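Taking it in order: structure first as structure tokens, then the write-up.
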Amino acid sequence: MPVETTRTVTAADGRVTTFTYEDGRLVRKATQDVGDVKGWTSIVCDYDPVTGHLIGLERVGDDGVIRAETYVDGQLSTRVLTDAGNARAWDSIVKTYDATGTIQSQQATADTGVVTQTRYDDGKRDIVIRTDAADTFGWDRQATAYDEDGTRRILERVADNGVATVNEYGQNGDIMFGGRIDMADAFDWSQAFSIFNADGSLYETATLDDDGSTVREVWIDGMLRRTTQDSVAANGYDRTTQITDYDADGVEVGQITTTLSNPFGGGDGSDSEVIIGLPYGTDARDRPIIDGVEDPEVLLSDFASGSGPDTFRIDADDWDAFDLIQPPYFMTDATEVF
């Protein structure tokens, strides 16, 4: 059994320090600020009796904050701060360090109940996750990812109403992408997203409603193209799409409507077909397609003047033609966005 001895020293300012030894080796030094001349009440240091390295430290501040630290081979390993006197806006902070003393993680619990977990990569903040454990705020969870320069790149947020939001940011910190999913089915839409240009201006937005209808808007050089697609009919196929172009002043300058009618056949031996309504337009690339071949004689402008027919019918079994006239669908599931 090791022999333990103690020695007490009282300083001129009233501090009392007790040294504890095992077999003559220092294992503890405990100091009390009896005269209240410092900003702390007590400091206790523990040492390895073999190496003499510091292995633990506890400091109690005058404000009631307790700092407890552990050391490995003399290097700081963990630090725990506890606000016993309720003097701070947080209850506790826990930090961990690697063998070189570089911080690896931190967990802070605020008085509001919000728990913030921070992960570090080579001492730099990498990911921050906040959880509203006490349901104090209007969100459940927020996660932020940073690059090696400390710039925020991704923000994920789940609100109390079940809406999940994901934002992506560029190297300059400007938003590039924003997406939302109504996970709790609290609204009449299920998914929505926005894409931004490098200068922060809006490039594209899209929304998928609960009934399957979609709205997509794209801005290019001041022009707006709005694409709407109604919900799929009960037979699982019929669907109408309308594309409308607007100039920089918001004036409608062109429109095309396509109706997909049971492209896999009606089950009665009749050919499936796509009905295309072409109200007006002037771009040569918008020439109607008949039997998979672009009609060189008819421009959309002919429909505006009333000189052309109102609709064309084409065989939807000719998928080359179908692919040319059918605009792309929205997202099929959340994984395509997030």
Looking at this structure, is Val166 in contact (Cβ under 8 Å) with a residue 60 or more places away in the chain, among the β-branched types (Val, Ile, Thr) and farther than 27 Å from Asp249 by Cβ? yes
Looking only at region 55-87, count every residue that is aliphatic (A, V, I, L, M) and closer than 11 Å to Trp40 by Cβ and tell me the total. 3
Search region 172-192 for residues that are at negative phi and pair each with any residue that is among the basic types (Lys, Arg) when their beta-carbon atoms are under 6 Å apart and the residues are at least 6 apart or on different chains. Ala192/Arg180
Restricting the first residue to region 42-56 and requiring it to be within 12 Å of Asp73 (Cβ to Cβ), which pairs with a second residue that is among the β-branched types (Val, Ile, Thr) and modelled with pLDDT of 95 or more meet a Cβ separation below 7 Å and a spacing of at least six or different chains? Asp48/Ile55; Ile55/Thr70
Could you count how many residues in region 7-62 are closer than 23 Å to Ala87 by Cβ and either among the acidic types (Asp, Glu) or outside the structural domain of Asp73 (by TED's automatic domain parsing) (or both)? 4
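The values are calculated or read from the model by the stated rules, or taken from the named source; none is laboratory data. All of these numbers come straight from a predicted model, not from anything done at the bench. So basically every Cβ, Gly included, is an ideal-geometry build from the backbone, and we count neighbours across all protein chains shown.
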